[in-house]
1. Which percent, to the nearest 5, of DSSP beta bridges fully inside region B:100-259 are antiparallel?
2. Percent of Cα-Cα pairs more than 38 Å apart in chain A, please.
3. What figure, in Å² to the nearest 10, do you get for the accessible area of A:E409 with a 1.4 Å probe and non-protein molecules left out?
4. What translational diffusion coefficient, to the nearest whole µm²/s, does region B:226-351 have by Stokes-Einstein, given a Kirkwood radius computed over alpha-carbon pairs, a temperature of 25 °C and 0.890 mPa s viscosity?
5. May I have the extent of the alpha carbons of region B:31-112 along their three principal axes, as whole Å values ordered from largest to smallest?
6. Taking 29 Å as the cut-off for C-alpha to C-alpha distance, list the pairs among A:K317/B:K393; A:K189/A:K320; A:K565/B:K231; A:K554/B:K156; A:K148/A:K506 that go past it.
7. Rounded to the nearest 10 Å², what accessible area does B:S283 have for a 1.4 Å probe in the complete protein model?
8. With Rg and the Kirkwood Rh both taken from Cα atoms, where does Rg over Rh land for region A:159-214?
Amino acid sequence: MQLKKINENLEKEFAGRVSASLEDNIIHVTGELDSWDDVIKACTMASERYSKTHVVNDIRFTGAEIPETRVPSLNDKALDGKQVDVLVIGGGITGVTVLRELSKWNLKLLLVDKEADLAYHGSGRNDGQVHCGYDLSKGNLKHEYVLKGNAMYDKVCSELGIPFKRVGQYGGTLSDSRLAIKLFCFVKKHFHGIKDMEYLSAKRLYEIDPNLNPGLKFGTLNSSVGVVSPYELTIAYGENAIMNGAEISLNTYVKDMEVFDGVINKVMTNRGDIYPKVVINAAGVFAEDVAKMAEDRFFSIHPRRGTNSITDKKTGKYVKGVTSVKYHDPNAPKNTKGGGIIHTIHDNLLLGPDAVETYEKENFETRQESINVVFNKQEKACDKIKQSDIITYFTGVRAPTFEEDFILERGRAVKNIVHLAGIQSPGLTAAPAFAIDMAELTVNILKETMEVTENTSFNPVRKPIPCLKDMPLAERDRMIKENPDYGIIVCRCEEISKGEIIDALKSPLTVPTVDGVKKRVRPGMGRCQGGFCMPQVIKIISETMGIPEAEVLKGNTEAFISFGKTKGGEIDA
Amino acid sequence: MLKYDVTVIGGGPSGLSAALSADRANAKTLLIEREASLGGILKQCIHDGFGLLRFGEKLSGPEYVYRDIKAVYETDIDVSLLTFVTKTEKTDDGFILHLVNRDGVTSVFTKTIVLCTGCRERTAKQVKIHGTRPAGVFTAGQAQNLVNLHGLMVTKKCVILGSGDIGLIMARRLTLEGAEVMGVYEIKSEPSGLSRNIAQCLNDFDIPLHLSTTVKRVYGHDRLEAVEVAKVDEKMNIIPGTEEIIPCDALILSVGLIPENEIAEDLGVTLDRFTKGPHTDNSFMTDVEGIFAAGNCLHVNDLVDYVSENGALAGKAAAEYVKKERKYAKITIDRTLGYIVPQEIDLTTDLSKVEMYFRSFSTVKNAVLEIKIDGNPFMEKKYMVVRPPEMEKLVLDLSSAGLTENSVISFGIVKKEGDING
Ligand SMILES: Cc1cc2nc3c(=O)[nH]c(=O)nc-3n(C[C@H](O)[C@H](O)[C@H](O)COP(=O)(O)OP(=O)(O)OC[C@H]3O[C@@H](n4cnc5c(N)ncnc54)[C@H](O)[C@@H]3O)c2cc1C
Ligand SMILES: Cc1cc2nc3c(=O)[nH]c(=O)nc-3n(C[C@H](O)[C@H](O)[C@H](O)COP(=O)(O)OP(=O)(O)OC[C@H]3O[C@@H](n4cnc5c(N)ncnc54)[C@H](O)[C@@H]3O)c2cc1C
């Protein structure tokens, strides 16, 4: 679209309050608006889907104060003066997949994340669905890598010891137009490369899942769709990278950079200054902020919140795979897509997410409205699942650009940065694939100034923490005889033993918090949500790590659980 | 494989009583407990008030339960601690239980099972509390455990949601430990704890009780910083404009207990939709022959004395269990009752002393419990007042009631006629 046309449109809609300008192949939108929805509207009007000429949002938003980035309270010099070949900023799936790919080379690698654990942002707050890409058309990065990534999942998950299952995605429709659905399937399969795209008759749909509501006319099936635990996968990737020589530093916030002549010389953190040869920007919803620090801001991220509900495992039987119902609701408010119903890898159901634009990048609050939107939509697919089955809910924030495609490229104004930005859905699916190409790009950049050799001792295999409840009884018996702690059940809902919790605390990336243990081996993920086991988990962390119980944290550096001992509490229980 | 007549799952007060009475009836008995010591939830209930009915004394939880623990160790009952029932199988003449403990995985055969697995607490998400997810949101039992068993001070300034007994007791406990309890908030228009606890735990310490008020959201990223409370209307919907933000560092939830019946469900036991515990007959046998239930997994009790009594009845019935043809009369309640236990009468048993437990659906002064058999009045019982928080116990003689297989015994509460003040 021409700049002139964009400005005409903006003028019409906003009466001179915003305008666009083009400079260095970047569209800057400037002005002042007091509604965030208007900010999104203006930038969207200036943008073109999948274009490489990005919109940068320079509109002054006066409607509310945009909160400052949350930073860890820690301040030390642990990393000061450190020289590395590659510094990865961001410990989500994007950062760790690239880190692991890079660990196939003999390089000094460091990944930093500002949170107390990996997968605290988008990568720990999504649907865990390995998509097939049927909602994408050809000719963009999302489409390219969702197909490649999906195909890699069996191998990657078996190497990393992470459960993965292709449960299939199927859905029915209330519409009458059989031809339209058939045509859609034909086009997807033969022109968009979605090889598993299939038309489903109502009969087959109900054969696959008899619990779907009656009345669905026909639908579609994609049998390559899978489910995975996204935070377990992120942690596993990180651990495998560590096993192969990479370093990960948590509670480490990149606050600024020193850039000279198009080259980043120094990266400043709360734990000292780091000197990298190449920087990888995998900062999710903060990718724009990192690009700005690097003086290479050529895109903007507009955060989009989504809330999911998780229901009791007892409801798992109602939906076997991934499903949703397609129907046309003329009254549906904008931006309230209601996602789907997903049978998770741990046999709960997950419902959602919705989609709400927000100026808050890390507000993970949930709201009842979101839950209602999702349930109102999903009960059209399967009305057996009730809000009273919910055991928990959570919010994640997506990180799209206004062009709604991934950005996977070397810096434009800065030579030694690689941006992996705009990694919205299907980012989890795509990451294993784009990480390979981005690691190659990074190695090529390094090769401009140094020699890079292959890490011949690279080991792709990560041994998982054993999951005793899923073992045959004889094997479980043998494991317990070797280590009696595997016989002490701490979490009664998920049947997790003390031994598994200690294993989690002795893994390559120890995160000795209640949430850290929960993400790795699941105590507290069940229907009682830690009601019984949390005090015991605190005790095991305290004993294993040699720290007082009063110092055990829930998660982040300020998330303390207690204020020390009670009056009589010095006499330790 | 070891063989037992009775296996009791859960070593709280109901399980201890069940095991003791099964042993007294000469059954070879196994008592399984998941934790490192017997006593169940009473281990952490260090306040007094236990045992008034049973012992005529005011004991603390540990004192109360110690009497039964001591008695158990004086018998031949096999006690298996730190042991978890991982899988169950039904056989022709009983059950095989697969147990996990420090020694490995073992299997035992048992003719009968008494489920005494207690209950769990409802969580913040189950009562639709939204907002962030900081540290500092505790269930009351969890806070009680951390304070009483771990000696950890969980708050300096807190709000308690729910006026259930555990919440009330924690309000007092935390005050004694030096915390400021900003108030107890209850969504219903009347408190859900025992009157004596309102008096002794709140009034005596000047802790305000806010009725028809709930917590809507929590604030704070890492540690809780505030909660938002709001008034609700009769339908328990939030009244817009009544929201108020209360700065505090913890939210303690006492919003209900849910019977733990995962083992029962695995074995195909039907749960009652009112109690959320197994559907049982007057011997506390479930609809799966040979499986009995007692205590808080059967229905949530407010007094441990009843739990012990109920456990003893179930344990004895399990010991005396023989497979036979049975005939049942049905029990129904109308909407004036919250629930009733049992839900069926086994006509082949002694019907001269049938124990029943019920709760009213709402508070009724000058109430009359009407019991009808096939629509015909059978008996009436008068109460000064019935309240949902206070469970009522009944002992009925149904031996001469002329019950037959298709009989329906119905229960309802009406207000005594002619009363205009209530
Ligand atoms: C509700 C929801 C559902 C989704 N469902 C799916 C799905 O089913 N399938 C799928 O394929 N995709 C899904 N996605 C998309 C997927 O979750 C994301 O694409 C993916 O997780 C993005 O990973 P990331 O590593 O790029 O970002 P993140 O996981 O957000 O990681 C970025 C990291 O950078 C760190 N960071 C940022 N700035 C700094 C700094 N200055 N210093 C130090 N550290 C910093 C942050 O702490 C964070 O950990 C979903 C997303 C959402 C929100
Ligand atoms: C926090 C709290 C405070 C209370 N305060 C009072 C009070 O002040 N006064 C009063 O009279 N009553 C009080 N009560 C009520 C009364 O104490 C309870 O009703 C009583 O403890 C219930 O006994 P129980 O045996 O059914 O369950 P519990 O005491 O809960 O015992 C159940 C036992 O079963 C074990 N178990 C569960 N599942 C398994 C399994 N799969 N395998 C092996 N073992 C298992 C558990 O570890 C536990 O030890 C309180 C209850 C609670 C929860």
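1. Numbers: 16 of 33 bridges.
Of those bridges, close to 50 percent are antiparallel.
2. On the way: 52826 of 163878 pairs.
In whole percent, the share of Cα-Cα pairs in chain A beyond 38 Å is 32.
3. 40
4. Working: Rh = 17.3 Å.
Using the Kirkwood radius from Cα pairs, D works out to 142 µm²/s.
5. 45, 26, 21
6. Values: A:K317/B:K393 38 Å; A:K189/A:K320 24 Å; A:K565/B:K231 35 Å; A:K554/B:K156 17 Å; A:K148/A:K506 34 Å.
With Cα atoms farther than 29 Å apart: A:K317/B:K393; A:K565/B:K231; A:K148/A:K506.
7. Result for B:S283: roughly 30 Å² accessible.
8. On the way: Rg = 14.3 Å, Rh = 13.3 Å.
A ratio of 1.08.
The values are calculated or read from the model by the stated rules, or taken from the named source; none is laboratory data. It should be emphasised that the depicted structure is a prediction, and the values quoted were computed from it without experimental measurement. Because the Cβ atoms are built from the backbone with ideal geometry, glycine has one as well, and the counts that use them run over all protein chains shown. We work out accessible area using only protein heavy atoms, side chains counted, and drop any ligands, DNA or RNA first. Shrake-Rupley method; radii C 1.70, N 1.55, O 1.52, S 1.80 Å.
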